[in-house]
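Input: a single structure, listed below in structure tokens.
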Amino acid sequence: MKFTKPVLLLLSLLPVISSTNTFAQSACKPAALKCEYLVTPLGIDAPHPRLTWLLADLRQGALQKAYQVYVGTDSAEVSRGKGDAWETDKVSSAAGLVAYNGKTLNAFTKYYWRVDVWDKEDVRSSSAVTSFETGMGTMRNWQGTWITDEHDMKTKPAPYFRKVFEAGKKIKSARAYIAVAGLYELSINGQKIGNHRLDPMYTRFDRRNLYVTYDVTAQLQSGKNAIGVLLGNGWYNHQSTAVWDFDKAPWRNRPTFCLDLRITYEDGSVETVQSDRSWKSSLSPVIFNSIYTAEHYDARLEQDGWNTVNFDDAKWKGVIIRSSPSNNIVSQSMQPVRNVLEIPATTFVKFNDTAYHYNLGRNISGVSKITVKGEAGTVIRLRHAERLYDNGRVDLSNIDQHYRPVGTEDPYQTDIFILSGKGEETFMPKFNYKGFQYVEVKASKPIKLAKQNLVGYFMHSDVEPIGNISTSNPVVNKIWSATNASYLSNLFGYPTDCPQREKNGWTGDAQIAIETGLYSFDGITIYEKWLADHRDEQQPNGVLPSIIPTNGWGYEWGNGPDWTSTIAVIPWNIYLFYGDSKILSDNYDNIKRYVDHIDEQYPTGLTTWGLGDWVPVKSKSPVELTSSAYYFADATILSKTAAILGKTADAEKYEKLAQKIKNAVNAKYLNPTTNLYGAGTQTELSVPLYWGLVPADVKSQVAANLAKRVEFDKFHLDVGLLGTKAILNALGQNGYTDVAYKVASQEDFPSWGWWIVNGATTLYENWNIKSKYDISLNHIMFGEIGAWLYKGIGGIFPDETQPGFKNVLLKPHFVPNLQNYESSHTGPYGKITSSWRRKGKGVSYTAVVPANSTATIYFPVTAGQQVYLSNKVVSTTDFAVDTKLYKVEAGTYTFEIK
Ligand code: BGC
């Protein structure tokens, strides 16, 4: 930072001139209570679940002086301020995150909790009472056994299971716990339970299985009840064949499940209905399902009422008992995948009586749903694609490249729906999703379709949107939306590279996108789960595969530190954004093993292990430089993590290692005469700058060289995946935000805007739209721009010394060519806003700092300019440099810079 002398302003003495909350006097209230980052979750297995809250308090300088937490099994008692499970003292602390530390939690128990806070005036206020409910807690609490039908893994139709039981007494409450290897839909008395899709989320099935908990009280009735389960293959029984050999996965088998339906009666007694030998099974109308390709459904095979009590199952078969797929069955404690958005077709074409075409107007991950009437046995094929041939027919050639079909029965991204002929029928796949914008419908016999007969559903992990960017440049706004669309299209309980061609958990793509995700979405639960997937996959020697989860593919290719640094980079960013160090301690040994492994293999500090700057515009950069930069980042994160966790010796050891790597990189790649790295490409200069490898005394010269290089490249990108992560930040953080914005807002090749002006609604895999290879139209790997729009222009950054936005760093840049700009991000303390608009020759800048947090604002003030608040100059201190720093407490501030 370039400031010489920080000025601390006591802004509480000054009137606040915000229009939104002028002199707001509303009382303080603890709000947004969550347990394990979920609202009133069920099935919590964590022995020390984390409880979080924030302050709803709009007053200037709002803060929390102390808190007291009450946790108990009786909600009335908790609301009276008594917690039979845990009652903290009044703790003098501003924390909005505590880990439960009371009596050992019992399984299957609802715990109510509330928090009281003391505000800045020492006035106490209580939150509403909320709850979390524990799940199995330990595996020994399972009553059910794993069952499946009598078929083997090659059998195509999906199995139905049913069981009728008698609820003998008046039901007070009931929970279903279902663990599945594969996918499932659960129903009770004919009603589908819950609105999750593709549950349970993908894990390495032979190491860890997830179970899902539902409150099914409302679906049960006194007397007879029927439970129905339909199992899908998912990644567990991959029948399609592609280059990654998921059909040969070591865990592969016919899907199986274990279920406990735990009923609590009014009289306090408990009965558990479980999966066991008494269940019955049958094949279902889902005649084929592949997570990778599509689903086939023959409506003629429907068995009406199969999941209701009075259905005649005399012709159904029994079940067989199976071994548990792993010995680690844990709760799925995360936001589920859902059909988040229904998308009607924007255009519709009828080619002829048997061929139609729908365009959703945007590229999505998800499914289509068709409603149609036709003759029994009519075969309808729905081909899903991202692009069209010139003749208007769908073109799948950019996404089916890695597919290795055996025969023609499993066409790519093509659902097959066979009509029963019984009037209007609807089909939407249950166990597959695709990446697409267009759907071509072809029928074996004439059918009549209209525009509204088909809709799309955008599916993804249903993480809450918590960020916003809006600027006076519509193309930039569209780039931001497209980035979010690609981020979400690649979030299915683990981050993926693309929703069509692969659906693989490519580590490199995910580490690039972590900040893009975290600025805009509340994704901690997904990443905590994915890091557990990392721990499942890590070899004893520390090596990780390039895709996670994996069947074993990826330990030999693509798994250098430029990709698998996810093990360090993701926990670190979660820590910065959430201020929660649990993910650091959970993964500490794993990061260490990983770093140690590289150190053992590459004792010089330089590593050539990696893929390098993937899919570049034109220039290639040395793999050794980029991989060593990631290795340096990992060692640095490890050292900082060790310090945070109080492991002083490790902190020193890995700091030394980081220094060794830095020295080795600079000795080999930094030319001390020219201050260029390597040949001075954009990636070669920006990666060392961004990851902190450049010696302090030459940083400004290297940055100047980067700016010159970008100018030489006509202010256009010349980077691949790794360079894209670094370039805008490296420019912006070193005084060249205007240059970065020029690059970011270009609208001709190669740029993000080039995609947008050519109709993109998602980000592409290749800067070259006409490329024959690597041209999925929905990739997140060039998505850093989504994060940069918060960082580079709004300047919203977490403060490493007070993570979780306890202190917010605000470093706005009033870039030329933008009239106005707004950004907001809701962190653990609430909504942070950084926005500005031009006003005459000056700029009006508004910062909103949430209750119980502070901010440090760095103004990009040029010579002769002053900063005003309420028409008063807030500082007349003369700085030798152009950046001024102000410290503010919670509140809304509108500054005039002129
Ligand atoms: C994926 C990428 C991934 C890369 C690794 C591709 O096939 O789609 O996004 O990172 O392979 O080389």
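Just a few scattered comments:
- Annotation note: Cβ proximity below 7 Å between a residue of the stretch 407-425 that is closer than 18 Å to Ala376 by Cβ and a residue that is aliphatic (A, V, I, L, M) and part of a loop (DSSP other than H, G, I, E, B) (sequence gap 6+ or interchain) occurs for Leu419/Ala376; Ser420/Ala376; Gly421/Ala376; Glu425/Leu419.
- Test: Tyr736 is within 12 Å of the ligand (Cβ to nearest atom) and without any contact (Cβ under 8 Å) to a residue 60 or more places away in the chain: no
- Qualifying residues in the stretch 607-621 (those that are more than 13 Å from the ligand (Cβ to nearest atom) and closer than 9 Å to Thr683 by Cα) - the one surrounded by the fewest Cβ atoms within 10 Å (Cβ to Cβ): Lys620
- Criterion: small (Gly, Ala, Ser) and either under 28 Å from Lys34 (Cβ atoms) or touching a Leu at 6+ places or on another chain (Cβ under 9 Å) (or both) - qualifying residue of Gly542, Gly467: Gly467
- Residue among Ser834, Ser824 that alone is surrounded by fewer than 24 Cβ atoms within 10 Å (Cβ to Cβ) and either closer than 14 Å to Val476 by Cβ or small (Gly, Ala, Ser) (or both): Ser824
- Being of a type outside the set (A, V, I, L, M, F, W, C) and either modelled with pLDDT under 95 or within 29 Å of the chain's Cα centre (by Cα) (or both) is a description that does not apply to Asp276.
- You will find that of Ile570, Ile598, Ile644, the residue that is more than 16 Å from the ligand (Cβ to nearest atom), in contact (Cβ under 8 Å) with a residue 24 or more places away in the chain and crowded, with 18+ Cβ neighbours inside 10 Å is Ile598 and no other.
- Condition check for Ala485: within 30 Å of Ser745 (Cβ to Cβ), away from the ligand (no atom under 16 Å from the Cβ) and small (Gly, Ala, Ser): yes
- Close Cβ contacts (under 6 Å, 6 or more residues apart or on different chains) running from residues in the stretch 765-780 that are farther than 20 Å from Ile364 by Cβ to residues that are within 13 Å of the ligand (Cβ to nearest atom) comprise Asp774/Val615; Asp774/Glu765; Asp774/Asn766.
- Leading residue by the ranking (surrounded by the fewest Cβ atoms within 10 Å (Cβ to Cβ)) among those in the stretch 555-567 that are of a type in the set (A, V, I, L, M, F, W, C) and under 18 Å from the mean Cα position of the chain (by Cα): Ile567
- Hey, Ala635 without any contact (Cβ under 8 Å) to a residue 40 or more places away in the chain, in contact with a Leu (Cβ under 9 Å, 6 or more places away or on another chain), away from the ligand (no atom under 16 Å from the Cβ) and on the phi < 0 side of the Ramachandran plot or not: no
- The stretch 761-781, residues that are closer than 15 Å to Pro495 by Cα, of a type outside the set (A, V, I, L, M) and near the ligand (Cβ under 10 Å from one of its atoms): His779
- Residue within the stretch 713-735 that is in contact with a Leu (Cβ under 6 Å, 6 or more places away or on another chain) and either surrounded by 24 or more Cβ atoms within 10 Å (Cβ to Cβ) or closer than 24 Å to Gly558 by Cβ (or both) present: yes
- If the condition is being hydrophobic (A, V, I, L, M, F, W, C), without any contact (Cβ under 8 Å) to a residue 60 or more places away in the chain, surrounded by 17 or more Cβ atoms within 10 Å (Cβ to Cβ) and in a helix (DSSP H, G or I), then the stretch 647-671 contributes Ala651, Ala658, Ile661.
- Cβ-Cβ distances below 8 Å connect the following pairs, each with a first residue in the stretch 672-698 that is touching a residue at least 12 places away in the same chain (Cβ under 8 Å), a second residue that is exposed (fewer than 15 other Cβ atoms within 10 Å of the Cβ) and part of a loop (DSSP other than H, G, I, E, B), and a separation of six or more residues or different chains: Gly680/Thr674; Thr681/Lys620; Val698/Pro672.
The values are calculated or read from the model by the stated rules, or taken from the named source; none is laboratory data. If you're wondering where the values come from, they're calculated on a predicted model, not measured in any experiment. FYI the Cβ positions are ideal-geometry reconstructions off the backbone, even for glycines, and counts take in every protein chain you see.
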